[in-house]
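Notes follow the structure.
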Amino acid sequence: MAEIDSPLGSNYIAGEHGNVAAGIGVSLAERRNLSIIQVTAWPNTIPTVLTAIGSATGLIIDNKPGLGRVAGEKSVFGFAPGRFLVTAASADLETRLRSAISADLGTIVPLTHGRCVIRIAGPASEWVLSKLFALDFSEHAFAVGHGRATLHHDIHALIQRVDQDAFDLYIFRTFARSFWTILGHAAEEVGYRVG
Amino acid sequence: MIIKCPYCGPRDVIEFVYQGDASRTRPEPASTDQAEWNRYVYDRANPSGSHREYWLHSGGCRQHLLVVRDMSSHAISSVSFARENTSSGDRR
Amino acid sequence: MTSSRLNTGGRIERSRTIRFIFDGKAYTGHPGDTLASALLANGVTLFGRSFKYHRPRGVFAAGSEEPNALVTLIDGEVREPNVRATEAEIHDGLVAESQNRFPSLEHDLMAVNQLAGPLFSAGFYYKTFMGPAIGPLRGTRFWMFCEKFIRRAAGLGRAGMAADPDRYERMNAYCDVLVVGTGPAGLIAAETAAATGARVIIAEERPVAGGSLVSSGELIDGRNPAVWAREKAELLAGLPNVRFLTRTTVWGHYDGNVLAAIEHVADFKPNRTEGQPRQRHWVIRTGKTILATGAFERPIVFPGNDRPGVMLADAVRRFAMEYGVAAGSNIALFTNNDSAYDVARTLSQAGVGIGTIIDVRTDISGTCRDIADVAGAELLLGHAVTATHAGKTLSSITVQHFNAQTGRVSGAPREIKTDCLGVSGGWSPAIHLASQAGGKPEWDEDLQAFLAPEAHQNWVVAGSAAGYMDTISVLSDAATKGSAKHRAALPTVDAPMFDASPAPVYQIEPDGKTQKAFVDLQHDVTADDIRLAYREGFHSVEHLKRYTTLGMATDQGKTSNVPGLAIMADARQIPITAAGTTRFRPPFTPVSLGALAGERYGDLRPHRLTPIHDWHLSAGATMYDAGLWHRPMIYGSPGETIEQAYIREARTVRDSVGIVDVSTLGKIDIQGPDAAEFLDRVYTNMFSTLPIGKARYGLMLREDGIVFDDGTTWRLGQDQFLMTTTTANAGPVMQHLEYYLDCIWPDLRVHLTSVTDVWAGAAIAGPKSRAVLESCVTASKVDDATLPFMGIVHARIGDIPVMICRLSFSGELAYEVYCGAGFGTAMWEALISAGTPFGIVPYGLEALGTLRIEKGHVTGAEIDGRTTAHDLHLDWMLSKKKPFIGSAMLGREGLQDNNRLSLVGLISLDNQPINGGSHIVADATPREPADSFGHVTAACYSPALGKYVALALVKHGSSMIGRRAYASDLLRDKHGPVEIVSHHMFDREGSRMHG
Ligand SMILES: [Zn+2]
């Protein structure tokens, strides 16, 4: 099987960048080889679909806006009513979800090829992300595991907090290289490491 | 301006797209009453005061919201999902 | 000139020296100095020339309200004009220039404007340059003649032409309580709010906290108030729930408790660390705002009041206490209220002598008398300043008896020597941010000032911004405003008691001819201008403002609004409260455009790249911006022109085979049991009848019957479709569909997902396209039986899963091949190598356009928001079996009118290119204006026809076929004969694509 190309191309330059004299504020990395599947329940099937996602992935969440959960490479979060993003490193994620979720429960759209996942981690993560997104990134407003749908100007993004100081950004593939450049630019002030 | 999306929480107005007057009712699809269609497509009240309107949360959950907003002060008195508020008469 | 540095005092770091340049001359100062304080310390009192009259001007205030001392900061090629010298912090190597003088500040030729005084009075521009040209010296043409002279003579600083190399950033912030200002009120309010555990942001426009405390000379908790403030600020800044921003001006107050602020991150630094922005634009969403913005002192208006050396009394104090600078060697004060005595008290403590205190009042408190006594100042009660004398800077003033009740000046003039006159006309609470998010400010008779209006959002004013003018009541007010629950322990204050109420004296107006008395120093608006506006009928404050430009300069009249209104009220013989005031607007102080643009600047506009982008670049494609997308325009060979390249590419498609990247087409995944029903409602034609594994061309209308978009939609399953839209309309179509599902038909069970980015697409077109696919596609046949026109197969190219649909935009036998975007380049390369034996060429947007123009296929140029299906000859797509969006209004008379523009082809008869946008006219010779009966929507050279051709929308389109007309583009000097033909210019029967 062919490997999925990174949309970041030659703009992905491993190493240290920006004002690193004062330390590394954030590290930036592209998460590769993930399966990214969108699951959408019908209005009356949301709890059932969440149970099905739980049985397919082991990640169980409640039906509340933006709730989510992370376990290692696997994650799930809601970003719209009845709509969830499920991510795992295993190639059979789509098959498992399809067998757990029939057409009368909801619909499945594989977005693996359509999203670039960027992980930003480090003490200055909230600071750098606050430059680009009008979201309250403080932990009491945006808890670990939770997801948000938002945008930076024309660039839509789904954001999941995966740890106290780490976030996964799901960016539309065709915007990813531009976004990566903008993100690096925003991180220069605090110093950043790629890779 | 900030709109409190019932799913996403309070968000800046730049995340939303104005989708028009929510107080009008679409005629029966098969209706040929041109006056009725004309009212639906073109006539707007533009009140100074409370106004029901649709906003698409395009930069967030992509749901259409029914927003009640004061057109002179921009004060928003209620926000709900459009799907849950469309009366059956509108469903055409 | 005798301003100078005191031996002690101020918060400057005297052990370090900073070197800077002003108007080409080198000076020194200390860290902590502003440009104003450092220049005053060097004895410089002339800072600039005034806006209209080029009068010499000095420093008037000590902070953000400064109207006079505007300078341009220069960094290489970059010029930042209109910076207040009272706010610009100096650093080593700073270069500043004075403004609005020619050729130099000392010798200004334009100062002759002063002689032409009446010429530049209120309404001068309206009277002289507006309206019809009557005589040579009136009207718009006269303006066009005079403009360049006037622009040179009048104005503020000059912007540079060089691009700003600095970086600016936006920062989004959230808090429970925002405290604006860190004077005594701000500090106590912030402390109280923070103690409740709330998230607090504190914004201070100056480099250090303390506000009025820094120069008050009072004792707080028995200690130096500046030290008390600094320690309080450090304590607050150390709290985990507090963000303390200095050098941060909150300048805008917007709906929903959103406030905008500019943080000067590095303006004041000679060197910046990598990635550090010069300024940061904070957008702060807060639960509640405490506006502890203090108060601005305002002047009394009197003849000659703009002379360098005349300044606000409190500014004299601030220069002494904050910067250790005596603004003069022989200082006089002129006042209508007690605060000048507090200034006298502090100055004499600091060792700055006061010669004379002139007070319009006859009756003052014992405290004030004692202060004058201790300071050794001569006290002239019931007096006023009626003139000033000097060359470029103040040398003496004239005082006369003044009756504050009648406003009459009387008695013999007496000349008093002074080189610095501190003026106090009372205090105006700084209600700018309150006014931006509130009702009408309310006049307070006691303070003779406007107080904050009724709040329209969740904010309160605290301290002197709320009208509390002594430190004790400021602190106790702020403590209650900080939190309703938590009460802070208030510090003790050791300060004399004063009366905050000034005598209602705004202007000193001696009889007879006097010197000019300025109200708005920055815009050179005089008291006479305001009276002239009154006589000419501009009575309301809004008219007054616009007619005289009072308060419309970059300082927004911080020191001039109230005196100006008072003078108008006096002229109208009404109370000030009846005259009203204008509403304050953002920004509080000027904001650089760079800060507003933030990171979205220059090359940082986002680009959308297709999955095959890098291949296009390596193949030498010339890229073209189509919205945010970057798309290949041509793949030029060396030496080829654009026209030669697209002609070669288009010809190769017709002759053999070509390949084009169509990944940019909008793609929407539509799933659910009602998906087919939904498509029947949104498309004009039927989709519920479409078999699985087939695609259909669909047309969408708007509700008003006008064409909205077109594209093919593929049925991938019983309940699953893949809709394609035009590249430009991908977003709008998605919104359109979502609107109908959410708002009109919420009972339909349909899910929509944008999958534009999920798929890479390549269209392979030309008579040899099938042969190319046959040589590389596995897991499915692609012959006519397996893959007929509009058929879809799932197959593989190498190990890449692909979907192939046989459809054609070029009119040739053609296929669109889709795969996962991450495999896009691999699929593309596989198709290129499979096509090489057949002579495949990649083709760009120009050739794509050429092929579709030849075939008369429409795109956004024809679907322009005005055309109907009938206009575009697409009536055949309008189903009569069902209603659809737009069907009801389609039959309207106006949309059926024979006069409508409809789609035709054009063939150039002079073998010259036809310009896009040309008008279609009947005249053989260019004429202006000509009756246009249509326009060109797209044009190219057609290799298939061997002619220059175009598509056009033309009145009576079809009946015009065969006629001759002219394509006229006079802007680009083109006017050529064309023949109107059918829009199907090539292969009308479509035999090629069905081949
Ligand atoms: Zn939302």
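Figures for the structure shown
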| item | result |
| --- | --- |
| Hits in region C:668-717 - residues which are among the polar types (S, T, N, Q), in contact (Cβ under 8 Å) with a residue 40 or more places away in the chain and part of a loop (DSSP other than H, G, I, E, B) | C:Thr684, C:Asn685 |
| Residues of region C:402-432 that turn out to be part of a strand (DSSP E or B) and either touching a residue at least 40 places away in the same chain (Cβ under 8 Å) or within 46 Å of the chain's Cα centre (by Cα) (or both), as a count | 12 |
| Candidates B:Pro27, B:Pro47 - the one that is away from the ligand (no atom under 13 Å from the Cβ) and open to solvent by less than 30 Å² (accessible area, probe 1.4 Å) | B:Pro27 |
| Selected residue [away from the ligand (no atom under 16 Å from the Cβ) and assigned to a helix (DSSP H, G or I)] from A:Ala143, A:Ala186 | A:Ala186 |
| Boolean, B:Arg62 is within 22 Å of A:Leu67 (Cβ to Cβ), within 15 Å of the ligand (Cβ to nearest atom), in a helix (DSSP H, G or I) and open to solvent by 20 Å² or more (accessible area, probe 1.4 Å) | no |
| Residue check, A:Ala143 surrounded by fewer than 17 Cβ atoms within 10 Å (Cβ to Cβ) and at pLDDT below 95 | no |
| Subset of region B:66-79 (residues that are within 9 Å of another protein chain (Cβ to nearest Cβ) and either aromatic (Phe, Trp, Tyr) or within 16 Å of the ligand (Cβ to nearest atom) (or both)) | B:Leu66, B:Ile76 |
| Residue among C:Arg79, C:Arg84 that is surrounded by 23 or more Cβ atoms within 10 Å (Cβ to Cβ) and under 32 Å from the mean Cα position of the chain (by Cα) | C:Arg84 |
| Count - residues of region A:112-129 that are over 15 Å from A:Val70 (Cα atoms), touching a Lys or Arg at 6+ places or on another chain (Cβ under 9 Å) and either surrounded by fewer than 19 Cβ atoms within 10 Å (Cβ to Cβ) or at the interface with another protein chain (Cβ under 8 Å from one of its Cβ atoms) (or both) | 3 |
| When residues of region A:92-111 are limited to those that are in contact (Cβ under 8 Å) with a residue 60 or more places away in the chain and away from chain C (no Cβ under 11 Å), the one nearest to the chain's Cα centre (by Cα) | A:Leu97 |
| Only one of A:Ile60, A:Ile118, A:Ile53 that is over 16 Å from the mean Cα position of the chain (by Cα), more than 16 Å from the ligand (Cβ to nearest atom) and either closer than 23 Å to B:Phe81 by Cβ or assigned by TED's automatic domain parsing to the domain that holds A:Ala166 (or both) | A:Ile53 |
| Those residues of region C:175-197 which are under 32 Å from the mean Cα position of the chain (by Cα) and surrounded by fewer than 21 Cβ atoms within 10 Å (Cβ to Cβ), in sequence order | C:Asp176 |
| Condition check for C:Gly822: open to solvent by less than 40 Å² (accessible area, probe 1.4 Å), over 28 Å from C:Gly990 (Cβ atoms) and either of a type in the set (S, T, N, Q) or in contact (Cβ under 8 Å) with a residue 24 or more places away in the chain (or both) | yes |
| Matching entry among C:Thr356, C:Thr398, C:Thr367, C:Thr335 (being of a type in the set (Val, Ile, Thr) and either free of Cβ contacts under 8 Å to residues at least 12 places away in the same chain or open to solvent by 30 Å² or more (accessible area, probe 1.4 Å) (or both)) | C:Thr367 |
| Residues being within 21 Å of A:Tyr170 (Cβ to Cβ) and open to solvent by less than 50 Å² (accessible area, probe 1.4 Å) - total across region A:25-45 | 14 |
| Failed condition for C:Met790, given (1) open to solvent by less than 50 Å² (accessible area, probe 1.4 Å); (2) under 24 Å from A:His113 (Cβ atoms); (3) of a type outside the set (Ser, Thr, Tyr) | (2) |
| Residues of region B:1-53 classified as more than 10 Å from chain C (Cβ to nearest Cβ), hydrophobic (A, V, I, L, M, F, W, C) and part of a loop (DSSP other than H, G, I, E, B), total | 3 |
| Qualifying residue in region C:633-656 (condition: within 13 Å of chain A (Cβ to nearest Cβ), closer than 20 Å to C:Thr726 by Cβ and not β-branched (Val, Ile, Thr)) | no |
| Selection status of A:Thr174, under 27 Å from A:Asp5 (Cα atoms), within 11 Å of chain C (Cβ to nearest Cβ) and within 16 Å of the ligand (Cβ to nearest atom) | no |
| Residue count, region C:877-913 (criterion: among the β-branched types (Val, Ile, Thr) and within 14 Å of chain B (Cβ to nearest Cβ)) | 1 |
| Qualifying positions in region C:570-601 - outside any loop (DSSP other than H, G, I, E, B) and farther than 23 Å from A:Phe133 by Cβ | C:Asp570, C:Ala571, C:Arg572, C:Ile576, C:Thr577, C:Ala578, C:Ala579 |
| Helices (runs of 4 or more DSSP H) within region C:275-381 that include 1 or more residues of a type outside the set (Gly, Ala, Ser) and farther than 26 Å from C:Glu204 by Cα | C:339-349, C:366-375 |
| Complete set of residues in region A:1-23 that are farther than 25 Å from C:Val758 by Cα and part of a helix (DSSP H, G or I) | A:Val20, A:Ala21, A:Ala22 |
| Qualifying positions in region C:775-798 - touching a residue at least 24 places away in the same chain (Cβ under 8 Å) and either farther than 17 Å from C:Leu831 by Cβ or in contact with a helix residue (DSSP H, G or I) (Cβ under 7 Å, 6 or more places away or on another chain) (or both) | C:Ser775, C:Cys776, C:Val782, C:Phe789, C:Met790, C:Gly791, C:Ile792, C:Ile797, C:Gly798 |
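So that you can scan it fast, the table gives a plain yes or no per residue for (1) part of a helix (DSSP H, G or I); (2) within 33 Å of the chain's Cα centre (by Cα):
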| position | (1), (2) |
| --- | --- |
| C:Arg11 | no, no |
| C:Arg16 | no, no |
| C:Gly32 | no, yes |
| C:Ala36 | yes, yes |
| C:Gly43 | no, no |
| C:His54 | no, yes |
| C:Pro67 | no, yes |
| C:Glu97 | no, yes |
| C:Arg101 | no, yes |
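The values are calculated or read from the model by the stated rules, or taken from the named source; none is laboratory data. Everything numeric here is computed off the predicted structure, so don't read it as measured data. No Cβ is skipped: glycine too gets one built from the backbone with ideal geometry, and neighbour counts run over all protein chains shown. Note: areas computed on protein heavy atoms with side chains; ligands, DNA, RNA excluded. Shrake-Rupley method; radii C 1.70, N 1.55, O 1.52, S 1.80 Å.
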